[in-house]
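Each remark here refers to the structure printed beneath this line.
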Amino acid sequence: MTPTVADQKTWVERLDGLPDDLRYTPLNSEKCPINPDTGRRRKQWQNFHYLPSDLDQMNGVVKAVGLHLGETSNGVMAVDFDGDGSETIFEQLLRKSVLELPLTVKCSSGRPGHYQCLYRVPKEYWPALSNKDFPAKHGPSDPHFELRWNGQSAIAGDHPNWLDPVEKTGFGQGPGDGFYSFAAGHSPKDRQIAVAPDWLLEFFQNECACSLQKQPKACSNWGQTAEALAKAELLYDISRTREIVGEWLHPADDHNSYITWTMVGMVCAYLSHAIGEPMLLFDLWND
């Protein structure tokens, strides 16, 4: 692994090289999302998306950074290997060597057998994916790997490095580095986030479909593939609207133009009606 980035003072520097369309969430030293105003754990953190420059303005409360996965970061997934033996499970299930995974951005906390790889997912796969853990049932300390699409995944900053990660005791006394770093030759300055291979995406999609078949109501809600894709595109547009209004048109008085806010209001109204929730973005626009 590369050396610690403790000498770098900003998150902009620590995340330098990652694509501009990625979005992040601030974490504490235990990998939990926090409210940057208080430093306390935040509920519904999924609704808040930040840029590296935003993280640098949070008065030092940010101890680690989680990458928003899925649609929020324009279709990025993580393949997360947890423990010695997780690569073997991957190879047995997919009948592919981990060496066949495309070279991409990779990071780790330094714990043996623990690392994650980031991949781009083509848009046509987005509606069909959710988080999957293999094996589905395992003991807390047993090796496994995850295909992550929803939520966030810590990629930079502090790692709790528990001596006993199951009981979460012995903070900082485990076999890891106590921080996340990019693997040598796999930093965002070394290479781009690769597109996930078809064989991985087909496996991922099939496993998610099997889960949905066990939940017919959830499956029927998506309807046909075209409808699902259209909904995914709407959700992405809505997330971008929240981001633009919240980050680039705030405070409102700095953009005090009747025409600007009329156009923004029309966009918010259109997207809200299109998704079937007419008042969804009204409060955002009104605030």
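The values are calculated or read from the model by the stated rules, or taken from the named source; none is laboratory data. Since we're looking at a predicted model, the values are computed, not measured. Don't worry about glycine lacking a Cβ; one is built from the backbone with ideal geometry, like all the others, and counts go over all protein chains shown. To get the accessible areas, we keep the full protein, side chains included, count just its heavy atoms, and leave off ligands, DNA and RNA. Shrake-Rupley method; radii C 1.70, N 1.55, O 1.52, S 1.80 Å.
Quick one: grab Rg to one decimal and Dmax as a whole number for region 67-112, Cα atoms only, in Å.
So, for region 67-112, Rg and Dmax equal 12.4, 31 Å respectively.
Return the long-range amide H neighbours of D177 (sequence gap of 5 or more, or a different chain), with a cut-off of under 5 Å between placed amide H atoms.
G110, R111
Would you mind working out the magnitude of the charge dipole of the chain relative to its Cα centre, with +1 at each Lys and Arg C-beta and -1 at each Asp and Glu C-beta, to the nearest 20 Debye?
So the dipole magnitude of the chain works out to roughly 460 debye.
Quick one: Cα convex hull volume of region 1-124, Å³ per residue?
Per residue, the Cα convex hull of region 1-124 comes to 135 Å³.
What translational diffusion coefficient, to the nearest whole µm²/s, does region 48-192 have by Stokes-Einstein, given a Kirkwood radius computed over alpha-carbon pairs, a temperature of 4 °C and 1.567 mPa s viscosity?
Using the Kirkwood radius from Cα pairs, D works out to 79 µm²/s.
Can you tell me the relative contact order of the chain? Whole percent, Cα pairs under 8 Å, sequence separation 6 or more.
19 percent
If a/c stays under 1.5 just call it rounded; otherwise compare a/b with b/c (prolate if a/b is bigger, oblate if not). Do that for the chain, with a ≥ b ≥ c from the square roots of the Cα gyration tensor eigenvalues.
Judged from the Cα gyration tensor, the chain comes out oblate (a/c at least 1.5, b/c at or above a/b).
What are the ³J(HN,Hα) values, in whole Hz, obtained from phi via the Karplus relation 6.51 cos²θ - 1.76 cosθ + 1.60 with θ = phi - 60°, for each residue of region 105-117 in sequence order, with x given for Gly and Pro?
Per residue, the Karplus-derived 3J(HN,Hα) values read 5, 9, 9, 7, 8, x, 5, x, x, 10, 6, 9, 10 Hz.
Test of understanding: in a Gaussian network model of the chain with alpha carbons linked when under 10 Å, which of V65, V98, V76 would top the mean-square fluctuation ranking?
Looking only at V65, V98, V76, the biggest GNM fluctuation is shown by V98.
What FRET efficiency comes out for the pair S97/Q46, r = Cβ-Cβ distance, R0 = 22 Å, nearest 0.05?
Calculated transfer efficiency: 0.05.
Where Lys and Arg each count +1 and Asp and Glu each count -1, what net charge lies around T104 among other residues with Cβ under 12 Å from its Cβ?
+2
With Kirkwood's inverse mean 1/r over C-alpha pairs for Rh, give me the Rg to Rh ratio of region 106-182, two decimals please.
A ratio of 1.01.
Could you work out how far the C-alpha centroid of region 66-101 sits from that of region 138-167, in angstrom?
That distance is 13 Å.
Quick one: net charge of F182's neighbours, Cβ under 11 Å, K/R +1, D/E -1?
Net of charged neighbours comes to +2.
DSSP loop (so not H, G, I, E, B), at most 13 other Cβ within 10 Å: list which trypsin sites (Lys or Arg not before Pro) in region 20-120 pass both filters.
Counting only loop positions with at most 13 other Cβ atoms within 10 Å, the trypsin sites (Lys or Arg not before Pro) in region 20-120 are R40, K43, R95.
Return one whole number: the accessible area per residue of region 1-145 in Å², for a 1.4 Å probe.
49 Å²
Rank S181, S153, S53 by mean-square fluctuation in a GNM of the chain with C-alpha springs under 10 angstrom and give only the top-ranked residue.
Largest GNM mean-square fluctuation: S53.
Can you give me the % of accessible surface on region 143-207 that is carbon or sulfur? Probe 1.4 Å, all protein chains present, nothing else counted.
Ligands and nucleic acids excluded, carbon and sulfur give 44 percent.
Beyond 27 Å between alpha-carbons counts as too far, so tell me which of K9/K168; K9/K189; K63/K96; K43/K168 fall in that bin.
K9/K168; K63/K96
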